[in-house]
Structures are given as C-alpha cells and as structure tokens.
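**Q** Take this structure first; my questions come after.
The values are calculated or read from the model by the stated rules, or taken from the named source; none is laboratory data. Since the model is a prediction, treat every value here as computed from it, not as a measurement. Cβ sites come from the backbone with ideal geometry, for glycine too, and all protein chains shown count toward neighbours. Side chains are part of the model used for accessible areas, which takes the heavy atoms of the whole protein and leaves out ligands, DNA and RNA. Shrake-Rupley method; radii C 1.70, N 1.55, O 1.52, S 1.80 Å.
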Amino acid sequence: MEQYRMEPGSVYPIGATVAETGVNFAIFSAHAEKIELCIFDEHGCQELKRFVLPQCEHNIWHGFLKGAKAGLVYGYRVYGPYTPEFGHRFNHHKLLLDPYAKALKGNFSWSERHFAYNVHDPKQDLSFDARDNADVMLKAVVMDPSAPLIPRQPIAWKNTVIYEGHVKGLTALNPKVPEHLRGSFLGLSHPAMIAHYRAIGITTIELLPVQQFISEQFLTDKKLTNYWGYNSMAFFVPHQDYLNQDQILDFQRMVDELHQAGFEVLIDVVYNHTCEGNRLGPTLSFRGIDNKSYYRLNSAEPRYYINDTGCGNTINISHPRVLQMVMDSLRYWVQVMGVDGFRFDLAPILGRELHGFDKSNGFLDAILQDPILNSVKVIAEPWDIGPGGYQLGGFPSPWSEWNDRYRDTMRRYWRGDKGLLPEFARRIHGSSDIFEHSGRQPFASINFLCSHDGNTLRDLVSYQDRHNEANGENNRDGHSDNFAHNQGIEGETTDKDILSLRLRQIKNMMATLMLSQGVPMILAGDEIGRSQQGNNNAYCQDNEINWLNWDENVLYAQELKSFTASLAELRKRFSMLSHDRFIHKDDKKSAVDITWFHPSGFAMQKEHWHSHHAATLGYLIEEKAPDTPVILCLFHAGAESIEFQLPEIDTIKHWQVMVDTTSSSEQQEVRNIPAERMITMAPFSTIVLLNDCL
C-alpha cells in the first residue's frame, strides 16, 4: 500500500478514471459527512487499506489515488446520519458499490449483514446494524475501456424487424453453439445464431436486461432466480453471468460481430428502480450513498418510498445528479459498448415530474438534445402503476412505444371476438389514431403479439388459463386474462384437427404482424414454436421453461421458421408494407394508397364497419404508378368458411397467391387466380395476393 498516495482529485468525470500517474475517484453524495475509498486485494477478498476522499465540490467527493492502475479492486464506505424518519440511511459498516462501476469482482450472496438495520429487531429499519458485509459484497474494478471496433450502421425504422430475446435463453440449448459459449454474450453472436437471424429475416436484436442485476432474496430462498433481470444493481456493468472471460470485451466483441453481420443491438434498460427494494431492503449502493437524493421518498413521511414501479422504490430521476448518472450510463452503452438503442422499462416514471407525466420533462428533453443519444433508437414501455401511468401515445418524437392496444386487438380478433373490425383496421394501419395527432409516424408503434412478459405465441393458442405453478405463488401471479384461446383442449394434445387449427392461428397472427404498418417485434422462439408450458409470468424460471428448444423436430418448428422467413422477405420486398408515413385514402401527397374491402368485393362502407358480427376484411395497398405492386390481404376470423369476391381492378387480370395460412410451406406453391374470381376463405385464415405485373 506504500505505492499509493491520496491527493485532491477532480470533480469530473464521475466514477473511477485511469490517468497516467494514477486513478481519479469521484462520487456524488449531497448529504454524506465523509467518504472512504476501500482498496481490496486482486481477488476482492481482503480489504487492504482505506483512503478518505479529501475534497467535496458541488456535492461530488473526489480524490486522486497516485500509483493506482486499471484492475484495482475497490468499494466505498459512506458516513452520515442514520435517521430513516428523515430520509437518511447512512451506515459506514456496509461496503457500497460505486454507481459508476464499469466491472465487478467477486460474487454476491445474500446475508443479513447487507441490511443497514437489524432484521430481527422489532423496530425494523429504525434499528441499526454495525456488522461488516464486505466479504459477501461485490466490489468494483477500475477499468480503462476502449470502444468497439465496428462502427454502428443504423437501420432505418421502416426497415426494422425486432427480435426480443434473452441472452441465456437464446443459446442455452443450442447444440450448434459450442458448449462454453452457450448462455453468454459471445454465444449470441456465434455464426450458428447469426445464420438463424438471417434465415428468419430480422434486423434488430433487443435483449432483456444486460446491466448487472441480482435475484431478490425471496426468490433465492425458493431456489429460483430473477431470470428476466429487471432488478438492477449497476447501470454501467455487463451482467456477470453472461460473461466468459473479459468483463467489457465480451460484450463489445458480441456487438462487433453482430454489427459486422448487419444486425443492430438494442438493450432493455431499467432506470426506474434498483435492487435495494423498499425501506426493509438491503443497503448495497445508492441507499447508503445518498438515499434522499437517489430515491423518491414520501414527502410527508420520508422513511417510506414512493413505489410507482411495484418493486419497492422509484429512482429520483428529477434530481440533476441522478439524471446525470442515467444519461452518462446511456452514453456509455452507446459510445463504449456500441449498442444501437434502448427499450426503457416502465418509461412513464422517467417522464414523471411532481405534477405528473410531462412529455417535456427533464429526462425526455435531455434525450432529445443529447448529440449522442438523439441518433439512436429509443423505445418506451409506456405504462407503470403510478398515477397517470398509462401513456401510450404520450411520448414525444422521436420515441417509439410498445403498443399493447395492437397486441390485445390482434389477439381478440383472431380468437373470434366480435365487433372489432374498426379497431383491427386501425392497428393494421399503424395506429394513426394514437400517434399521428402529435406529428409522429408509423414507426412510433412497436407492434407485437407476444413479449417476454406473458404467453408465447404457441401458448396463446394452446392454453386458455395461466399455469404458473412453478413460480411458487399458487398460480396467483401473472395476468389472468391474456385474450387466449386453446381451440378446445387445454394444453398439449394429439388431436390433429386442433393441432392444425393452432398452427393456422399462429400463422394468422404472425402474418398480421408482418403485414401491419409500424415496426414488428417478434418474441424469440415464436418462429420455432416455443412453449412455456402455459406459464405467462416466467420471470423466475432459469430452465427449459424459458430456454429455446432448438430441436428441429419440435412441433411446428420447421413450418413456422419457413413461414416467418417468407413473411419477412415479403415485407422487405414491398416497402409499402412498411411505409414511412401514415397512408390515407386519396392523399395526393402520398405515393401509396390504401383501400379496405368488404367480402362483396366493394370498398367498405360505414354500415360494414358497424356490423357487429363481421369478421372478414380486405386490405389493399398499392403504389400510385402504372405497373407497380398491388397487394391484397384478406383476413377472416370467422368459425365458418366465407366467399370473398376479389375486387374488380381494371389493370389486374390475375392475382398471385403469396400467403395462405391454410397451406403448409411444402404445399405453398405459386398459383394464379383470375381477378374476377370468388375465393373461398377457410375458417380463421389469411390470404395475401399480389397483382401479376411482377
């Protein structure tokens, strides 16, 4: 330790920054009285020495440790009042993780010593625990990061097809990925995975949380884990369990390899709460550094947290230093880690001021003006459980949003609910009723049928009810109504008629997704018939319930993979299926036109839209030029066959069948239909026709 000497440092940048002669340490705390930098051996096991940070300017405590280098293992102890009733929870007996840590050492394990109070004391969090927790706490490692090698090549929103997946789940069972790479970042970019992405036509991989997270104690006690990862601990660190050897390089190499193959990488980020939970949670980082600044507290009783997240606490992004941390983290993942954008979990929290959600609030304005972040994709999950928490359509340009109204409408239409034609058409049209009024375009709508949260597509047509018994909550967790339909039998069956109908329904929904204006998002595994055995809340299942089964003999696997690929190719080939502006009938400014057709072959009239029992609709989209493509999509969600008279269009003599969900991929052959013909649509079916000009 004689080689180290603590000197006054620099306020900026916050975190641990390597310089030529040492390392600068800077950490924010508005209410601390003293902060110690704790140095550990290279394994993170033994605390070697403590250095008091000598200066505090603008609430940034800092010091320059001369002689220190990259690889140094460290943590903080923060001194101050322990008065929960006033919002302060300082306890210098607890080793704390640097909020700006870039890499970690050691393994986290739950212990009573992580709590700043005595968990056995009747006074609960008003008591005080003086035991040290350093031996069971993660430590930070000083890093000197370099940027990825392959520059980003942004994909236009109109060409984007998102594939939402989990780092481990995507490769854990893939026999084509070397065993040592399965379940890791590097497994995701293995040539076998890249070949699959290419085969199904996706452009953009959206990963569930990859920032360091931990499992809640109640899950660990039940021998379960927080598999999804929505329990953040460190906002700059790639999750340890997904690494092979190098902390940062593994992630950067994955991004480089995916970029080189032409794919984008988006990551799901959780800046709305942390793993420290409510007032009875552990003290691991933010709570012990400056609880009153980092979290939103009840103004009348600061002992208690505002819980707009349902996870015990809410990050106080209105505080300028907390906002700075989030912005620094986002820029880090773009500039250093190379990602192409973000999906923000429970995003209304990030836009909520004291008076409520405000689309001109500090965070949303900061994103808009930031020279790094305003050029990447930003997607909001536009709901939370706080006041005014449902904000679909409420985010400003250039944000896109997960569109749950699209999800629910398509599920209800295809299960046979009545009176949905107007809503069904609006969702196919890109949800202009939700987004266009504020000057936004179709890419504002992220259209999806399934996501990590809920049923898979196969389960949606196989299970009427949730089956979450494995979660250990007596099947009370998860959504109770998923707009699902099992086609007559709950769960697995050998009934060929039911299996055939289920496959057709999966195809119907997948076809609708890829034929809709807006940005399609496919849940990883839906293209190969993945099932979660009816579990619609598999957040804690780190096992084959969540891992993709890559066996080509799995029910529907080959058929759905080919079908998904053909739809992606169709969407790519005909750009009008993903137009960059909302298409309106007879819009002279638009190069594309749209017409809705009744089964009679005539354009839809007002009375047709209001026919409660109608379940059939034609959707024609064309370019306004001679000898250009015309696509006619026919949707029928009725339980009986129906005759659909093809519309009379002077320039069209024949139609070519491009998609027919009643046929298998092997049976799907190019066939032409005379333009004047009446076409029979089987129950619950989709047919896509192309004019013969091409």
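**Q** Would you check the accessible area of residue 640, probe 1.4 Å, heavy atoms only, in square angstrom rounded to 10?
**A** Answer for residue 640: close to 130 Å² accessible.
**Q** I would also like to ask the following. On the full set of protein chains, 1.4 Å probe, figure out the accessible area of residue 306 and give it in Å² to the nearest 10.
**A** Here the accessible area works out near 60 Å².
**Q** Just how large is the dipole of segment 224-297 about the Cα centre, in debye to the nearest 20, putting +1 at every Lys and Arg Cβ and -1 at every Asp and Glu Cβ? Mind showing how you got there, number by number?
**A** Working: 5 positive and 9 negative charges, 122 e Å.
Computed about the Cα centre, the dipole is about 580 debye.
**Q** Peptides 437-446, 671-680: what's the order by average Cβ count within 10 Å, highest mean first?
**A** Output ranking for 437-446, 671-680: 437-446, 671-680.
**Q** How large is the Kirkwood hydrodynamic radius of segment 459-529, in angstrom, based on all distinct alpha carbon pairs?
**A** Averaging 1/r across every pair of different Cα atoms and inverting gives 13.8 Å.
**Q** Quick one: of 176/223; 158/359; 94/139; 49/139, which pairs are farther than 19 Å apart, Cα to Cα? If you can, show how the numbers build up before the last one.
**A** Details: 176/223 30 Å; 158/359 24 Å; 94/139 12 Å; 49/139 14 Å.
Among 176/223; 158/359; 94/139; 49/139, the Cα-Cα distance tops 19 Å for 176/223; 158/359.
**Q** Take segment 280-330, compute every pairwise Cα distance, and split them into 10 Å bins from 0; I just need the percent in each bin.
**A** Reading upward from the zero bin: 25, 57, 17, 1.
**Q** Which length gain, in nm to one decimal place, applies between residue 426 and residue 280 when the Cα-Cα distance is subtracted from 0.36 nm times their residue separation?
**A** 47.9 nm
**Q** While we're on this one: Using 7 Å Cα-to-Cβ label points, what is the residue 79/residue 355 separation (nm, one decimal)?
**A** Spacing of the two 7 Å Cα→Cβ label points: 4.3 nm.
**Q** At 1.4 Å probe size, with every protein chain present, just tell me what the per residue accessible area of segment 492-611 comes to in Å². Could you put the intermediate results ahead of the total?
**A** Details: 5070 Å² over 120 residues.
Counting only protein heavy atoms, the per-residue value for segment 492-611 is 42 Å².
**Q** Kyte-Doolittle mean at least -1.0 and Cα extent at least 20 Å along the axis: which DSSP H helices of the chain qualify?
**A** Span-like helices in the chain: 320-335, 496-515, 557-573.
**Q** Still on this model: Kirkwood hydrodynamic radius of the chain from all distinct Cα pairs, in Å?
**A** The answer is 27.0 Å.
**Q** How far, in nm, would the chain grow between residue 217 and residue 654 when pulled straight, counting 0.36 nm per residue and subtracting the alpha carbon separation?
**A** That works out to 150.9 nm of additional length.
**Q** Continuing with the same structure: Given the C-alpha atoms of segment 1-102, compute the convex hull and give its volume per residue in Å³.
**A** 95
**Q** Sort 385, 649, 583 from largest to smallest accessible area, using a 1.4 Å probe on the heavy atoms of the protein chains.
**A** Most to least solvent-accessible, the answer reads 385, 649, 583.
**Q** Further question: How large is the Rg to Rh ratio of segment 185-273 when both quantities use alpha carbon positions and Rh follows Kirkwood?
**A** 1.02
**Q** Here is a further query. Using 0.36 nm per residue, how much length does the chain from residue 558 to residue 132 gain when fully extended, once their Cα-Cα distance is taken away? Present the calculation step by step, with values, prior to reporting the outcome.
**A** Details: separation 426, 0.36 × 426 = 153.36 nm, distance 5.55 nm.
Net length gain for the segment: 147.8 nm.
**Q** Sorted from largest down, what three extents in whole angstroms do the Cα atoms of segment 271-428 have along their principal axes?
**A** 54, 37, 27
**Q** Can you count the Lys pairs in segment 536-629 with C-alpha separation below 29 Å, eight or more apart or on different chains?
**A** Lysine pairs meeting the criterion: 12.
**Q** Let me ask you something else. Cα atoms only: what Rg and Dmax, in Å, come out for segment 139-179?
**A** Cα radius of gyration and Dmax of segment 139-179 are 16.5, 43 Å respectively.
**Q** Calculate, for residue 573 and residue 299, the FRET efficiency according to 1/(1 + (r/R0)^6) with r their C-beta to C-beta distance and R0 45 Å; round to the nearest 0.05. Spell out each step's value before the answer.
**A** Details: r = 57 Å, r/R0 = 1.27.
Step by step, r from the Cβ atoms, then E = 0.20.
**Q** If you don't mind, another one. Put 180, 166 in order of accessible area, largest first, 1.4 Å probe: what do you get?
**A** Details: 180 135, 166 20 Å².
Heavy-atom accessible area, descending, gives 180, 166.
**Q** Let me test this: with uniform point scatterers at the alpha carbons of segment 346-401, what is the Debye-based log₁₀ I(q)/I(0) at q = 0.14, 0.29, 0.31 1/Å?
**A** So the normalised log intensities work out to -0.32, -1.23, -1.35.
**Q** Oh, and also: Can you pull the percent of the chain's accessible area that's carbon plus sulfur, 1.4 Å probe, other chains left in place?
**A** The C+S portion of the solvent-accessible surface of the chain is 49 percent.
**Q** Calculate log10 I(q)/I(0) of segment 74-225 for q = 0.13, 0.15, 0.16 Å⁻¹, where I(q) comes from the Debye formula with a single equal point scatterer on each Cα and nothing for solvent.
**A** After summing over all Cα pairs, the log10 values are -0.85, -0.98, -1.04.
**Q** Follow-up question, since we're still on this one. Assuming R0 = 35 Å, what is the FRET efficiency of residue 110 and residue 69, from their Cβ-Cβ distance, to the nearest 0.05?
**A** The value I calculate is 0.60.
**Q** While we're on this one: Treating only the Cβ of Lys, Arg, Asp and Glu as charged (+1, +1, -1, -1), what charge dipole size does the chain show about its Cα centre? Round to the nearest 20 debye.
**A** In debye, rounded to 20, the chain gives about 780.
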